[in-house]
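K.L.:
There's a structure below that I have some questions on.
The values are calculated or read from the model by the stated rules, or taken from the named source; none is laboratory data. As the structure is a prediction and not an experimental result, all values here were calculated from the model. Cβ coordinates were reconstructed from backbone atoms using ideal geometry, including for glycine residues, and neighbour counts include every protein chain displayed. Heads up: the accessible areas ignore ligands, DNA and RNA and are worked out on the full protein's heavy atoms, side chains in. Shrake-Rupley method; radii C 1.70, N 1.55, O 1.52, S 1.80 Å.
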Amino acid sequence: MTATVEKARGRTPGLVPGRDPLRLGRFSGVWRPRTVVVLVVAAAVLVVGAALNIGRGEFPISVGEVLSVLFGGGDQAQRFIVLDLRLPRTLTGALVGGALAVAGAILQAVARNPLAAPDIIGITMGASAAAVAVIVLSSGFGAVGALAGAVGLPVAALLGGLLTATSIYVLAWRRGVHGFRLVLVGIGMNAILYALVNWLLIAAQVYEAARAQVWLNGSLNARGWEHVVPVGVALVVLVPAALVLAHVLGGLQFGDDTARGLGIRVDAARTALLVVAVGLAAVATASAGPIAFVALVSPQIAQRLVGAPRPPIAASLMVGATLVVLSDLVARTAFGSAELPVGVITAVLGAPYLLHLLVRHGREARA
Amino acid sequence: MTQTATDGAGSALVAAGIRLRAEDVSLGYGDRLVVDGLDLDVTQNTVTSVIGPNGCGKSTLLRALGRLLVPSRGHVLLDGKRIDKMPTKEVATILGLLPQAPSAPEGLTVGDLVSRGRHPHQAWYRQWSADDESAVAEALTWTNMADLAERPVDELSGGQRQRAWISMALAQGTDLLLLDEPTTYLDLSHQVEVLELVRRLNREVGRTVVMVLHDLNLAARYSDRLVAMRDGRVVAAGEPADVITEPLLAEVFGLRAKVIPDPVAGTPLVVPVGTGA
């Protein structure tokens, strides 16, 4: 029966069960239909969710009209509202969600621990602390403050994220980096940086503190093309790098000795993967603030949807983008005229999952 | 020793069929010296087992032979070339290794595990070539795992799991295989099953095997050569009948024992009397 199904699909079954080949010239891979279905469905949900989100506002536009504008139609007013005013917000959300999810997928896979997401181990908090410092200090200290303002929030967030990641890496290093150590050091780092952020908020003027607080919630309000471009560029550069490195990531899922035996330069591969992940997480945080739990939850959802033994890169990208866009839609529609920051919704979705992980880990540790 | 001298000696080693050589190797972790000035040759097409009491440096030696550990003194030569100077990927096409109690991610299928063995032959754009596919299919069939290809590794029995890992090492297609205690945690019948598989790897597909084993009787039965270690040094090396002797057991293991011929294979059989403690 299986044979007839294969014949109907016009494919010859592979020699190894569950690993039918997909070959095109020099390129070859394993045909995984479930992954393709997940990617296509997630893309469809993302497009519809984005259209709904774009259509919402003082001047409502129907989903059909939004889609028609996106594919080149619509009248001039619609084109202006959709493309110039509203698309950047949703696009920023999708790109940031995708970037956070890929960063989470890489870190979770490298550490072989679902808790090793950038929002748990302090990397987004490092980016936030730097950004809050810029918001708070830029108005106060004359020339120094002006310089900080000029350097800009995105650059500060990126530097903060990279600096935090480097510190965690150095502190967790004991003849190599082990997943659990990385998570513990990261959680400690997160707590320290959280305290720093709070101190900055207390020390700040009320107005700056309020501005920083909105940013800290993770918000897509008033996002323009200037927010889309940095995260878009980061994705265009770093996601292909992640997809290339994903092959090595597969080998790193075993112990270090096995990976070395397979010809993987373990430390170099791990460092390259960490740099890609931190870059994505920091740029995403710089664009929209630390949108909570997207990096933690999306890769885990993607892994279960695809049925893979580790967080998959491409599926995480699509799930993360969809999750943020849908959360933004909920944040803007579910509470009447009050538009909540998107991070509030993702936090409500993500926090129970974090609790579930902690409880399960606790049980496993005791077992 | 200069580089040219090493190269000259290298081709002589290859001509003599010595695939792997440890030359005055000292190994340690931090300040602690575990192996001290050790020499060892591994000849083409043999099964060599390293035996010795716990903590004698067997596994440390195997790690150095597999390039997982860099000697603090001396060199390991693979086909006459210093293994630490060879590209990682090149080593992985000649020498495969199976660590003690290896771990696989939850949910990984046997087929996917064995396919990972092809890593040294792959690139990001070439992850499942026709060569990969036939090598994996062959390795699965050869270890009798083809029917279990779609089962998760963590659901297998201990013996099946070890067969899956050996299948992965086989798919890697290396002439040399290093196995660190491949029979750990297995009951006796599965130990025998795994060692018979190792012997077939040697006899039928010409793999040169070096393994660390705990059970002396099984080591004597399934090896061409034994290397007995104590305190980071080789005490004796040679054919099992020459190594497994009553004085050596006393010296290496501090064990009083009778050695009689194994009634099945004729290899030496150790019958313990006591530790004399």
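K.L.:
Quickly estimate the mean residue ellipticity at 222 nm for chain B, helices only: each DSSP H run with n ≥ 4 gives -39500 (n - 2.57), and the total goes over all residues, rounded to 500.
P.N.:
-10500 deg cm²/dmol
K.L.:
Cα-based Rg of segment B:140-256 per 2.2 N^0.38 Å, rounded to two decimals?
P.N.:
1.18
K.L.:
Taking all protein chains in place and a 1.4 Å probe, what share, in percent, of the accessible surface of segment B:99-173 do carbon and sulfur account for?
P.N.:
Percent of accessible area from carbon and sulfur atoms in segment B:99-173: 42.
K.L.:
In whole Hz, with x marking every Gly and Pro, tabulate ³J(HN,Hα) for segment B:205-218 from phi via Karplus 6.51 cos²θ - 1.76 cosθ + 1.60, θ = phi - 60°.
P.N.:
Ordered by residue, 3J(HN,Hα) equals 10, x, 7, 8, 10, 10, 9, 9, 10, 9, 7, 5, 5, 5 Hz.
K.L.:
Taking both sides together, what accessible area is buried at the A/B interface, probe 1.4 Å, expressed in Å² and rounded to the nearest 100?
P.N.:
3200 Å²
K.L.:
Share of Cα-Cα pairs in segment B:99-173 beyond 20 Å, in percent?
P.N.:
Every Cα pair in segment B:99-173 considered, those over 20 Å come to 23 percent.
K.L.:
Moving on to the next point. Which whole-Hz couplings ³J(HN,Hα) result when phi for each residue of segment A:157-169 is put into the Karplus expression 6.51 cos²θ - 1.76 cosθ + 1.60, θ = phi - 60°, listed in order with x for Gly and Pro?
P.N.:
For segment A:157-169, the Karplus-derived couplings read 4, 4, 5, x, x, 5, 4, 4, 4, 4, 4, 4, 4 Hz, x marking Gly and Pro.
K.L.:
I would also like to ask the following. If you place +1 on the Cβ of every Lys and Arg and -1 on the Cβ of every Asp and Glu, how big does the dipole about the Cα centre of chain A come out, in debye to the nearest 20?
P.N.:
Here the size comes out at about 1320 debye.
K.L.:
For a quick check, take a GNM of chain B with Cα springs below 10 Å and name the residue from B:Asp24, B:Asp187, B:Asp36 with the largest mean-square fluctuation.
P.N.:
Fluctuation is largest for B:Asp187.
K.L.:
Sticking with this structure for a sec: What number do you get for segment B:39-127 when its Cα radius of gyration is normalised by 2.2 N^0.38 Å, N = residues?
P.N.:
Segment B:39-127 yields a ratio of 1.28.
K.L.:
In chain A, once you exclude exposed chymotrypsin sites (Phe, Trp or Tyr not before Pro) (DSSP loop, at most 13 other Cβ within 10 angstrom), what's the longest stretch remaining?
P.N.:
It runs A:142-334.
K.L.:
For B:Val234, what residues show an amide H to amide H distance below 5 Å, using hydrogens built from the backbone and excluding near sequence neighbours?
P.N.:
B:Asp39
K.L.:
About its Cα centre, what dipole magnitude does segment B:5-138 give when the only charges are +1 on Lys and Arg Cβ and -1 on Asp and Glu Cβ, stated in debye to the nearest 20?
P.N.:
220 debye
K.L.:
Once you keep just the Cα pairs under 8 angstrom separated by 6 or more residues, what percentage relative contact order results for segment A:94-366?
P.N.:
Contact order relative to length: 34 percent.
K.L.:
Let me check against my output: what whole-number percent is the relative contact order of segment A:1-134, with C-alpha pairs under 8 Å and at least 6 apart?
P.N.:
9 percent
K.L.:
About the Cα centre, and with charges only on the beta carbon of Lys, Arg (+1) and Asp, Glu (-1), how big is the dipole of the protein assembly as shown? Nearest 20 debye, please.
P.N.:
720 debye
K.L.:
Accessible area per residue for the protein assembly as shown in Å², computed with a 1.4 Å probe and the full protein assembly in place, what is it?
P.N.:
Value for the protein assembly as shown: 44 Å² per residue.
K.L.:
Let me ask another. Counting pairs of alpha carbon atoms under 8 Å apart in space and at least six apart in sequence, what relative contact order in percent does chain B give?
P.N.:
22 percent
K.L.:
Consider just the alpha-carbon atoms of chain B and return their Rg together with their Dmax, both in angstrom.
P.N.:
19.2, 62
K.L.:
From the P(r) of segment A:94-366, could you give the percentage of C-alpha pairs in the tail past 31 Å?
P.N.:
For segment A:94-366, the fraction of Cα-Cα distances above 31 Å is 23 percent.
K.L.:
Let me ask something additional. Can you find, among A:Ala111, A:Pro33, A:Ile123, the residue farthest towards the positive end of the dipole of chain A? Put +1 on the C-beta of Lys and Arg, -1 on that of Asp and Glu.
P.N.:
A:Pro33
K.L.:
OK, next. Between B:Asp39, B:Asp131, B:Asp31, which gets the highest mean-square fluctuation from a Gaussian network model of chain B, Cα cutoff 10 Å?
P.N.:
Of B:Asp39, B:Asp131, B:Asp31, the most mobile in the Gaussian network model is B:Asp31.
K.L.:
Further question on the same structure: Give me the net charge of A:Asn221's neighbourhood, meaning all other residues with Cβ under 15 Å from the Cβ of A:Asn221; Lys, Arg count +1, Asp, Glu -1.
P.N.:
It works out to a net charge of +2.
K.L.:
Further question on the same structure: How charged is the neighbourhood of B:Glu246? Take every other residue with its Cβ under 15 Å from the Cβ of B:Glu246, and add Lys/Arg as +1 and Asp/Glu as -1.
P.N.:
That works out to 0.
K.L.:
P(r) for segment A:34-118, please, calculated from all Cα pair distances in 10 Å bins and given in %.
P.N.:
Once binned at 10 Å, the Cα pair distances of segment A:34-118 give 16, 36, 26, 15, 6, 0.
K.L.:
Next question, about the same structure. Less than 17 Å apart at the alpha-carbon level, and either on another chain or at least 8 residues along: which aspartates and glutamates does that give for B:Lys58?
P.N.:
Cross-link targets: A:Asp257, B:Glu23, B:Asp24, B:Asp36, B:Asp39, B:Asp41, B:Asp180, B:Glu181, B:Asp215, B:Asp231, B:Glu251.
K.L.:
While we're here: Give the residue from A:Gln76, A:Val319, A:Val16 lying farthest towards the positive end of the charge dipole for chain A; charges sit on Cβ (+1 for Lys and Arg, -1 for Asp and Glu) and the dipole is referred to the Cα centre.
P.N.:
A:Val16
K.L.:
Once the other residues with Cβ under 14 Å from the Cβ of B:Leu113 are scored (Lys, Arg +1; Asp, Glu -1), what is the net sum?
P.N.:
My count for the surroundings of B:Leu113 gives +1.
K.L.:
Ignoring everything except DSSP H segments at least 4 long, calculate the 222 nm mean residue ellipticity for chain A; use -39,500 (n - 2.57) per segment, divide by total residues, nearest 500.
P.N.:
-24000 deg cm²/dmol
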